[in-house]
Amino acid sequence: MTGEWTRRLDLLPARDKALLLTLAGAALAALLLGLGFGMLTGLARGGFLPGLDDETGYRLMTLHGVDAFFYWLSFAQVFLLLALVAGHGGGESAVAGRPAAWTGAGLMIAGFVSSQAGVLLGPPLLYDAPPELAMDPTPAVAAVHGGYLLLAAGLFLLAGAAVATALRTKRAGGGEWPSVVFAAVAWAGLLMVSAIAAVNAFAPAFLWAAGLGAMPADHSTAWHLLFHNMHYLPLMATVLVWYALVRELTGVESIFGAAFSKTVFAAYLLFVPPTSLYHMFLEPDLPDAVRTAGSLLSLFIGVPTILVFLMLTASLEAHARTQGARGLFGWIARLPWRHPAMAAVGVAVVNLALGGAFSFVLIQEKLAPLLSDTFMIPGYFHFLTIGTVTLTFLAGIVVALPALRGREIGRARWLVRLPWMATAGLLVFGAAGIAAGYMGAPRRTLSVAYDGLAPAAWPALMTWVGGGATVMGLAMIAYVAIVAASLFGSRRSEDAAPAVPAWNTVTPDWTMARAWTGPLSVFVLIAAMFGFTALAFDLMAGIPAAVAGGGAH
Amino acid sequence: MTADVRLLAAVAALWAVLSILYATVPMLAHMPGSAMLWGAGAVVFAVIAFIVRAAERRGRL
């Protein structure tokens, strides 16, 4: 790897490398735990752990959500944020605000330990930790909420350090930031807002659990505000990592120019607040005008992601065609698929198409109340959380770690194969889960047999869910174990990731090149949305009673 | 002023407008806390835009 990003990471001072490696290590530890607990939860849901008591099952589910959704995504984001800013800015290659950054990392790790201990020692509250579910304030419940507050404080400080690092470039000579640095600053701002949202959601709950305040009456609403940010953030981070990796792995820059790239990344922030209206669809007395406005605005939620996808595919295709690629998909074959990061990003794009199509089914005003409390939700969102975001973040880590650690990541051939194996399990998990959800199977109930009173399809589909979760979990655990071994191991591997030759060693005249694959993919996505929506109506019309949602998502 | 500052300021402005709408339009009252959150976000992006602008000026001196 000889890209500018990794070259600058290699030049970081030892203290900054230690900070980034600490964040990467914490991220991988959180992910390993989250994957392990998730796989066990899947096995429990599939009926493969018959002796498991309900409380332990819900504790596994809670730990999976806490570790994977909150801590893995947060640690990975601050690692990638700092690595991208430090590796793409001009001037000195170093992290600014180092004391704040180290304090932030310490707070996040303390939060991780606190939340983990709270879940293990207290009642399993699920990852949103509603106080009303705990019923009584206890130190263990306070540890869960307090952990989230420490996480929020750490995120805020680390995001601040990222902005300070980016400002060095401006102070060094003014002028425009590179697109990646601008997008990273926008991402840092959204992280800060999310940290504020986390305090808004969990500070009252923490005070109550610590015996210092009354039970908060509106935890659910505050949670939805936080959640809207928390599921938007990783998607913005994902496309930014794609953008940076395309440049790093192929040498190709966006053919649309930096100004267009920045506008698209800023669009993420412009669309975040107005699209949050759809979270109110489950309110029974919501005015029709808000319902209509929410439906229309929700359609915009995927626009920035689709634009970045189009920008990247068109840039790659145009460059490849100027260098001889033929046929509709000939350019795809030229991508450096033997590199683990490229394989992970390729799989992530496929999974995003699937998860994205189903997400548009869910956020429709007529379907949201029917589907929000069903297993359709975990069925589709794992295409996004594991299949897209996690694989993309791992791709970023796989590229950045060798520069920070001074040694290549080993077993590259396995790292190329494992994302496809994980996706095979994900397809089984997702297909069975979405079908079960369309048939009304509940989302957060460990056993859906209901003593034989439930539709026969529910437990049968859950068996497939458990099987898919096992394959997906094992493949992902193996992937993370290989990356972690490279982080902590001392031997140099013989099976390192191959060096990637840059595509644009000459400046091609791409202005006459065709680039149809991206637009065609969007048409396929829209057709899939229509198809999955029609399927949803067909399946739900065929069951005797639809399950009305109660405010879960 | 660079595109960086203009875009960050645009985000702050839009979030401020939305915050005001959430605080003043009765039919949006189903999500209490929205006005505070998007308002706080507007402040965050306004502060970032301001310090980026200040850094640019310093860089040109």
#### Entry: Index of the failed condition, residue A:137 passing every other in (1) touching a residue at least 24 places away in the same chain (Cβ under 8 Å); (2) part of a helix (DSSP H, G or I)
(2)
### Query
Can we say residue A:395 is closer than 18 Å to residue A:485 by Cα and among the hydrophobic types (A, V, I, L, M, F, W, C)?
yes
## Note on the structure
Scanning the range A:161-179 residue by residue, those at pLDDT 90 or above, within 8 Å of chain B (Cβ to nearest Cβ) and closer than 17 Å to residue A:261 by Cα turn out to be A:176, A:177
## Note on the structure
For the range A:139-159, the count of residues that are at the interface with chain B (Cβ under 10 Å from one of its Cβ atoms) and either more than 27 Å from residue B:16 (Cα to Cα) or more than 21 Å from the chain's Cα centre (by Cα) (or both) equals 0
### Task
Could you check, for the range A:105-121, whether at least one of its residues is touching a residue at least 40 places away in the same chain (Cβ under 8 Å) and touching a Lys or Arg at 6+ places or on another chain (Cβ under 7 Å)?
yes
### Task
List every residue pair whose Cβ atoms lie under 6 Å apart, where the two residues are 6 or more positions apart in sequence or sit on different chains, the first residue falls within the range B:39-61 and is of a type in the set (D, E, K, R), and the second residue, located anywhere, is assigned to a helix (DSSP H, G or I).
B:53/B:5; B:56/A:170; B:58/A:171
### Query
Given the residues A:191, A:126, which is the only one that is of a type in the set (A, V, I, L, M, F, W, C), within 14 Å of chain B (Cβ to nearest Cβ) and within 21 Å of the chain's Cα centre (by Cα)?
A:191
### Query
Which condition number does residue A:206 fail, the rest of (1) over 24 Å from residue A:37 (Cα atoms); (2) surrounded by fewer than 22 Cβ atoms within 10 Å (Cβ to Cβ); (3) more than 14 Å from chain B (Cβ to nearest Cβ) being met?
(2)
### Summary
From the option list A:378, A:340, A:287, single residue qualifying as more than 14 Å from chain B (Cβ to nearest Cβ) and over 30 Å from residue A:535 (Cβ atoms) is A:340
### Query
Among the residues of the range A:258-278 satisfying the criterion of being more than 10 Å from chain B (Cβ to nearest Cβ) and modelled with pLDDT under 90, which is farthest from the chain's Cα centre (by Cα)?
A:278
### Task
Take residue A:226 and decide whether it is away from every other protein chain (no Cβ under 12 Å) and either under 19 Å from residue A:273 (Cα atoms) or assigned to a helix (DSSP H, G or I) (or both).
no
#### Entry: Residue that is farthest from residue A:201 (Cα to Cα), among those in the range B:13-41 that are under 8 Å from the mean Cα position of the chain (by Cα) and more than 9 Å from chain A (Cβ to nearest Cβ)
B:13
### Task
Among the helices (runs of 4 or more DSSP H) lying completely within the range A:304-414, list those that include at least 1 residues that are within 17 Å of the chain's Cα centre (by Cα) and not β-branched (Val, Ile, Thr).
A:340-362, A:376-384, A:391-405
### Message
Being within 30 Å of residue A:353 (Cα to Cα) and in a helix (DSSP H, G or I): is that true of residue A:208 here?
### Response
no
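The values are calculated or read from the model by the stated rules, or taken from the named source; none is laboratory data. The shown structure was predicted, so the numbers you read here are calculated from the model rather than taken from an experiment. Every residue, glycine as well, gets a Cβ built from its backbone with ideal geometry; the counts of neighbours run over all protein chains shown.
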